[in-house]
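None of the figures in this text is laboratory data; all of them are computed from the coordinates on show. Everything quoted here is computed from the prediction, not taken from an experiment. FYI the Cβ positions are ideal-geometry reconstructions off the backbone, even for glycines, and counts take in every protein chain you see.
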Amino acid sequence: MHHAVIAATGLYAPPFSVSNAELVDTFNAYVERFNARNADAIAAGDIVALLPSSVEFIEKASGIKSRHVMNKSGILDPAIMHPVLPERPNDQISILAEMAVAAAEDAILAWGKPVSEIGAVICAASNMQRAYPAMAIEVQQALAINGFAFDMNVACSSATFGIKTATDFIASGSVKAVLIVNPEICSGHLNFTDRDSHFIFGDVATAVIVEAASQTTGGWEILGTRLKTVFSNNIRNNFGFLNRTALEGASTKDKLFVQEGRKVFKEVVPMVSELIVQHASDLGIDPRSLKRLWLHQANINMNEMIGRKVLGRDPAPGENVIILDTFANTSSAGSIIAFHTTNDDFAVGEIGLICSFGAGYSAGTVFLRKR
């Protein structure tokens, strides 16, 4: 059995950023127009008037202050309120693959080895822009990587499921190194006219290189990986190719991101906390000794609660990484951004945890020790 390490990570952040204030101004302009247009129906009780949003509401509910996006103008136009990303011809690289390649190149540069050492590419993300061909194969071609590639989708847990899969490939001796990419244009599946969720997501791409420990003296030893899924409808997106087969007039309200936030909080926090503590125990690790938690960046209240349950106390500054303020929720990429941006102060032997959780429900833990 071959042991695996995380040898390098990479990040691509889109060039545009949208503040809460900008988002609120757009949303409230939409609300004002909607209420004015439907004034008679609202007065008659046939339609409920929409409520405005506020910067204070968003920050208290989520901890988010801004987010990176691939297109800003469409999101901030009250008549559009979604990103405007023109379709590309088939002979051009797709936009998600392009983002993935940028993050991968950042990781490969940090790794310092030729791509000929990579034997597999996994595109692990929550929203694929097409059914096939696989974006992973498109990324593989763009980077001139041999071997094989495939897509996988486990929503916000896709990155940790990808790391687990890569670790198993390494353990079996199938390949020496695996590239995992996590491109996310979450703004594309977000309903910007929904007060409860219009602020949640941002766009980004991350990359992780998992390598056989025998091939390098550095990196992060993967001490253990564990996955868990429990079916739930509380986070859902019903957009798909079968939508066109439905009868005319079929509901479109759930073809974008929808969630029952309070139920998610109540059910996911204990599930994830128990998964972490039990996995740590099975590995002989005291969770209170973890130097850092790199959790999925879903919601600051969820992250803080999980941090307290795992560490048995309020986390000290820097122990439970929060990057929500500038990136928002970036689905599969969030925990990798947290790891990528806050791991350079570890001494050899110190241990941290990458953990994901999200729709499915799905959750994954990856315990790491600095080599």
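Structure notes:
- Whole-number percent relative contact order across the chain, with pairs defined as alpha carbons under 8 Å at least 6 apart: 23
- Principal-axis tilt of helix 20-37 within the chain, Cα atoms, nearest 10 degrees: 30
- As a proxy for reagent exposure, ranking Ser62, Ser17 by other Cβ atoms within 10 Å from fewest up yields Ser17, Ser62.
- With neighbours defined as other Cβ atoms within 10 Å of a residue's Cβ, the residues Lys176, Lys263 order from fewest to most as Lys263, Lys176.
- The value obtained for segment 110-170, namely the Cα convex hull volume divided by the number of residues, is 98 Å³ per residue.
- Compared with the alpha-carbon gap, the fully stretched path from Arg369 to Ala131 is longer by 82.0 nm at 0.36 nm per residue.
- A convex hull fitted to the Cα coordinates of segment 2-138 yields 196 cubic angstrom per residue.
- Panel values: the chain, Kirkwood radius from alpha carbon pairs, Stokes-Einstein at 25 °C and 0.890 mPa s, translational diffusion coefficient 115 µm²/s.
- Lys pairs, the chain - Cα-Cα below 21 angstrom, 8 or more residues apart or on other chains: 18
- Sum of -39500 (n - 2.57) over DSSP H runs of 4+, divided by residues of the chain (222 nm, nearest 500): -10000 deg cm²/dmol
- Ellipsoid semi-axes in whole angstrom, largest first, where each is sqrt(5λ) of the Cα gyration tensor of segment 221-370: 32, 15, 14
- The slack between Glu56 and Ala142, meaning 0.36 nm per residue of separation minus the straight C-alpha distance, is 26.6 nm.
- Given their separation in residues at 0.36 nm each and the Cα-Cα distance between them, Ser73 and Ser214 gain 45.9 nm when the chain is fully extended.
- Scanning residues 5 or more positions from Met128 or on other chains, none has an amide H under 5 Å from its amide H, with H placed 1.01 Å from N in the peptide plane.
- Using alpha-carbon coordinates, inclination of helix 261-283 to the longest axis of the chain, degrees: 0
- Rg and Dmax of segment 267-331, Cα atoms only, in Å: 11.7, 35
- Charged side chains reduced to their Cβ positions (Lys and Arg at +1, Asp and Glu at -1) give segment 221-370 a dipole of some 360 debye around its Cα centre.
- Low-density loop cleavage sites - GluC sites (Glu not before Pro) in segment 57-146, where at most 11 other Cβ are within 10 Å (DSSP): Glu87
- Beta-bridge orientation, the chain: approximately 70 percent antiparallel, per DSSP, counting only bridges with both partners inside.
- Using the Cβ-Cβ distance between Ile42 and Asn90 with R0 set to 51 Å, the FRET efficiency works out to roughly 0.65.
- Using alpha-carbon coordinates, inclination of helix 95-111 to the longest axis of the chain, degrees: 30
- The simple spin-label model puts a point 7 Å past each Cα toward its Cβ; for Ala49 and Asn35 those points are separated by 0.5 nm.
- For the chain, the dipole from Cβ point charges (+1 on Lys and Arg, -1 on Asp and Glu) about the Cα centre works out to 700 debye, to the nearest 20.
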